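No value in this document is a laboratory result; all are computed from the given coordinates. Small disclaimer: the values here were computed from a predicted structure and weren't measured. For neighbour counting, all protein chains shown are included, and Cβ atoms are generated from backbone atoms with ideal geometry for every residue, glycine included.
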Amino acid sequence: MLKMRDLYWLAGLIEGEGCFGDYDSPTIAVTSTDEDIIKRISKLFNCNYHHKKTPTKLQYVIKIHSTLAISWMLTLYPLMGERRQSKIKECILKWKSQKRMNTDPLYFNCGHKKIPSNVHYNRRTTRCSICNLKYAKENYQRKKNEREREIVPRSH
């Protein structure tokens, strides 16, 4: 169970060192050079963290996305300053407006079944391989048509 002092600690830390954003999905991110701080957040969020090297120091990064981020945004909202509250509202409104056609974890939003042979891994997300291939073919054809239009000499 989350203790109030941990919630206030987390709110203060995110207010100073974290960020709320909406990249591919709602996101809360915190970066620190202190691993113990990120480890504590990791326990509160119940998720993993990673590190990245910079020219001067090793940084530890924790990010949560999607509905987990939304639930934490709603929890932290009353404890945040005006600027952070504004960003949280923006993230939530955008998240609410997105079409989430499917809540079944066994299927993609397009309706195709999530089976190992149909999962395309793309950085932070998974996509439907069938739809991804269709998009790639359409994109290739569009670019090919654009190139052909550029090559065709114009007659006067």
Which aspartates and glutamates, on any chain, are close to Lys39 with Cα under 14 Å apart, when same-chain ones fewer than 8 places away are left out?
-> Asp6
How far, in nm, would the chain grow between Lys113 and Arg149 when pulled straight, counting 0.36 nm per residue and subtracting the alpha carbon separation?
-> 9.1 nm
When only DSSP loop residues count, what chymotrypsin sites (Phe, Trp or Tyr not before Pro) in segment 1-31 have their Cβ near at most 14 other Cβ atoms within 10 Å?
-> Tyr23
To the nearest 0.05, the calculated FRET efficiency linking Lys52 and Lys3 through their beta-carbon distance, R0 being 30 Å, is 0.50
Once you've got the Cα coordinates, tell me which of Lys3/Lys94; Lys3/Lys43; Lys114/Lys134 are over 19 Å apart.
-> Lys3/Lys94
Over all viewing directions the Cα convex hull of the chain casts an average projected area in nm² of 15.5
Inter-probe distance in nm under a simple model that places probes 7 Å from Cα toward Cβ, at Thr125 and Leu44 = 2.8
Taking the dipole of the chain about the Cα centre (Lys, Arg +1; Asp, Glu -1; charges at Cβ), the one of Ile92, Tyr107, Ser66 that reaches farthest to the positive side is Tyr107
